[in-house]
Amino acid sequence: MTRLELLIGFFILLFFGTIAAIGWNMSAQTPEDRNNQRRQDTERILDALYQYAVNHREQFPVMFLEEPQEICRTERTDCTGLLDFSDLTIYLPDNRLAIDPFATDERSTEYRVQKMSNGAIRISAPNAEMGEEIFAQR
């Protein structure tokens, strides 16, 4: 190989390495990004719940307790101990419930729903970062 071929090869590798580094850097989410995603997710789930109620004579798909209950992932068939919101998928983007960015439970979205003492429904994101309390309530 000549020096020119080596130099060309080096610059090609440098070019692709730079592209890869830029792509990796852009995909890295900050805590603020993840919290913003959680805000959007809680709003969308709450909107879907109320849209379901509008289309079903003001009835929600399940009964809510005053204690927070975890929401089951839509692709799971075993939702034992979790709330099954699979009927909401037609009201959601991508026809699926959002999953918290730090979710570790394979069955849970790690978002929670509860009925407040004033009758409002609250969707919360307990995995919120930086000490924030993230929820949507109506």
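Structure above, values below:
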quantity	calculated
Exposure proxy ranking, count of Cβ atoms within 10 Å, fewest first, for Thr80, Thr109	Thr80, Thr109
Contact order normalised by residue count of region 32-137, Cα under 8 Å, 6+ apart, percent	32 percent
Extension reserve of the Leu65-Phe11 stretch, reckoned as 0.36 nm per residue once the Cα distance is removed	13.2 nm
Top of Ala53, Ala103, Ala120 by mean-square fluctuation, Gaussian network on the chain, Cα under 10 Å	Ala120
Hull shadow area, averaged, region 32-137 [alpha-carbon convex hull, nm²]	6.6 nm²
Order of Met130, Met116 - criterion: other Cβ atoms within 10 Å of each residue's Cβ, fewest first	Met130, Met116
Cβ-based net charge around Ile134, under 14 Å, with every Lys or Arg adding one and every Asp or Glu removing one	-3
Environment charge of Glu66, counting only residues whose C-beta is closer than 14 Å and scoring Lys/Arg +1, Asp/Glu -1	+2
Cα long-axis angle, helix 3-27 against the chain (0 to 90 degrees, to the nearest 10)	10 degrees
Likely footprinting exposure, Val54, Val113, Val62, fewest C-beta neighbours within 10 Å first	Val54, Val62, Val113
Placed amide H near Leu83: partners under 5 Å, 5+ positions off or other chain	Glu70, Ile71, Cys72
Neighbour net charge for Asp105 - beta-carbon separation under 11 angstrom, K R +1, D E -1	-1
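No lab work stands behind these numbers, since they all come straight from the coordinates. For clarity, every value in this text was computed on a predicted model and none was experimentally measured. Virtual Cβ from ideal backbone geometry, glycine too; neighbours counted across all protein chains shown.
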